[in-house]
Amino acid sequence: MASLRHYLTLHRQNLLDALRRLASQPFASALTVLVIAIALALPAGLRVLVNNAGALNDSWEGAADFAVYLKIDVSNENAARVARTIGGRPDVANVTLIDRAKALEEFRAKSGFGDALDALEGNPLPHTLVVRPKSGAAGDVEAVAAAVRAMPETDLVQLDTAWVTRLRAMLALAGRMVDLATVLLAIAVTIVVGNTIRLEINSRSVEIEVVKLVGGSDGFIRRPFLYLGFWYGLVGAIAAAVIVAAALLALEPPVRAVANLYGSGFELAGLPLRETAVLVVGGAVLGWAGAWLATARHLRAIEPK
Amino acid sequence: MIRFENVFKRYPSGREALSGVSFSLERGEFAFLTGPSGAGKSTLLRLIALIERPTRGTVLINNQNTARISRGRIPPFRQRLGVVFQDHKLLHDRSVFDNVALPLVIAGASRREIERRVRAALDQVGLLGRESHAPITLSTGEQQRVGIARAVAPRPDVLIADEPTGNLDPDLSREIMELFTRFNEVGVTVLIATHDLELIEHLPHRQLKLVAGQLAADSGRGDP
């Protein structure tokens, strides 16, 4: 019991001593913390961007409308009937019929090709249906499109789900790249902390030697450095979370402006609480690991002379 | 308490620091290790503190063969050994109190125990009341006394010192030797390496003389 209390007391002392040591060299500590923070903010920030792109993708997929061009000789009544048939399907949310005469009028008004159209005999435009499927999944959209394509009045179904698939593939690629960047930068953080601890070990070699001489165990000697690494990692990770939040704050107004232009209520999401926790805990663990590597490598080299 | 049996120590450079040294020191004995510099005095002390291992032969401390003490068991072994250095080896980033307390903290003494023992040790070396001072503000002789207080605070069975008076004037040196004598009187086994023959000639303790790595003379057990 007494030895456990002693052990815990030592740990608490090491923890506080390490923090004091960081505070005693504010400039050098701040530099190291900043390097760690930037190395951690990069993958965290990229992760946020990919998350947001994913959310954007989801919201687009829900509106995977497709266009159905009916055959040119389909009458107004038949077009209306086809629209009702498709609209009656359980997997279709709604169908809008664009009457060929109305379409021509609109085209004449908006395209500036009025004179060219006058040169044509009759209306070259077919009736068009805009179909909005109910479910967001690309496969279901495909099923609706196939059924519509099978109808005798249908000339062409213009289904552009390819871009959705492509976007999703690109997001997967981006996600994987962020994973790789995370691994590489985690290694970088470990090395940065390890190197800082190595310098610290060198500058405290006299103390290490004396502690060894009066019977300090390897664990006793290692602990202050492990806690130092822990603090570097923890403070660096918290700074990284702050950097990401600040970057998002700076991006918010222009993103809102773009979203408004597209008539979208899209909002930039920050780092979720769970991922923030992973970042902070991960940073502390990486700092600890870097210190551990440095002590494992360099403490044995310092023996009493 | 300390027993050397035909001990050789050869350094990787090829220099043989000790060549077949045998002697034994009983519990509670006080001995000086003399001889010219380079005779192997420091090496002998380093073998006792397990800073070095013998190339050949056996070193027994408290009937324990040091060759059988693994690297991981060295710390607890050293906790029972008091070592005093010529250059004190004090830590200048902490107070006198914290320097003396270091071995007690390592050994896991309670806070109250640490305070009590640090005060007792500082009292014994005549530095009570200087706990909060920085070692750098003390004189060389006082720093050496802090070093001695640190060595004796955990109440070791054995106290070894390498030229503890090397940097001190004769008066201070005599004071330091008196200190060691007092610790010896309460039962601590003391072994001190020194080349200051003038200082110790009037002291009654045993003298072991090393010359070129060999025991050249042993005055035998001194008068208690």
- Message: Condition first: hydroxyl-bearing (S, T, Y), more than 17 Å from the chain's Cα centre (by Cα) and within 14 Å of another protein chain (Cβ to nearest Cβ). Can you find one or more residues in segment B:101-110 that meet it?
- Response: yes
- Message: Whether any residue in segment A:253-261 is modelled with pLDDT under 90, within 14 Å of another protein chain (Cβ to nearest Cβ) and open to solvent by less than 20 Å² (accessible area, probe 1.4 Å) is what I want to check.
- Response: no
- What helices (runs of 4 or more DSSP H) lie completely within segment A:40-150 and have 2 or more residues being at pLDDT below 85, more than 41 Å from the chain's Cα centre (by Cα) and surrounded by fewer than 19 Cβ atoms within 10 Å (Cβ to Cβ)? A:100-111, A:114-118
- Can you tell me which residue among B:R182, B:R117, B:R155 is assigned to a helix (DSSP H, G or I) and within 14 Å of chain A (Cβ to nearest Cβ)? B:R117
- Query: Is it the case that B:R155 is free of Cβ contacts under 8 Å to residues at least 60 places away in the same chain, within 20 Å of B:G187 (Cα to Cα), open to solvent by 40 Å² or more (accessible area, probe 1.4 Å) and basic (K, R)?
  - Reply: yes
- Restrict the check to segment B:210-221 and report whether at least one residue is open to solvent by 10 Å² or more (accessible area, probe 1.4 Å), under 16 Å from the mean Cα position of the chain (by Cα) and at negative phi. no
- Has segment A:190-204 got at least one residue that is within 14 Å of another protein chain (Cβ to nearest Cβ) and among the charged types (D, E, K, R)? yes
- When every residue in segment B:53-81 that is among the hydroxyl-bearing types (S, T, Y) and within 21 Å of B:G40 (Cα to Cα) is compared, the one nearest to the other protein chains (Cβ to nearest Cβ) is B:T66
- Note on the structure: If we keep only residues of segment A:215-238 that are buried (at least 24 other Cβ atoms within 10 Å of the Cβ) and among the aliphatic types (A, V, I, L, M), then the residue nearest to the other protein chains (Cβ to nearest Cβ) is A:L228
- Message: Being open to solvent by 20 Å² or more (accessible area, probe 1.4 Å) and in a strand (DSSP E or B): is that true of B:L172 here?
- Response: no
- Query: When segment B:158-197 is examined, which residues are found to be among the β-branched types (V, I, T) and out of contact with any helix residue (DSSP H, G or I) (no Cβ under 7 Å at 6 or more places or on another chain)?
  - Reply: B:V158, B:T181, B:V186, B:V188, B:T189
- Would it be correct to say that A:L273 is open to solvent by 30 Å² or more (accessible area, probe 1.4 Å) and either over 20 Å from the mean Cα position of the chain (by Cα) or within 14 Å of another protein chain (Cβ to nearest Cβ) (or both)? no
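The values are calculated or read from the model by the stated rules, or taken from the named source; none is laboratory data. None of these values were measured; they are calculated from a predicted model. Glycine also receives a Cβ, built like all others from the backbone with ideal geometry; neighbour counts cover every protein chain displayed. Just so you know, the surface numbers come from the protein's heavy atoms only, side chains and all, with ligands and any DNA or RNA stripped out. Shrake-Rupley method; radii C 1.70, N 1.55, O 1.52, S 1.80 Å.
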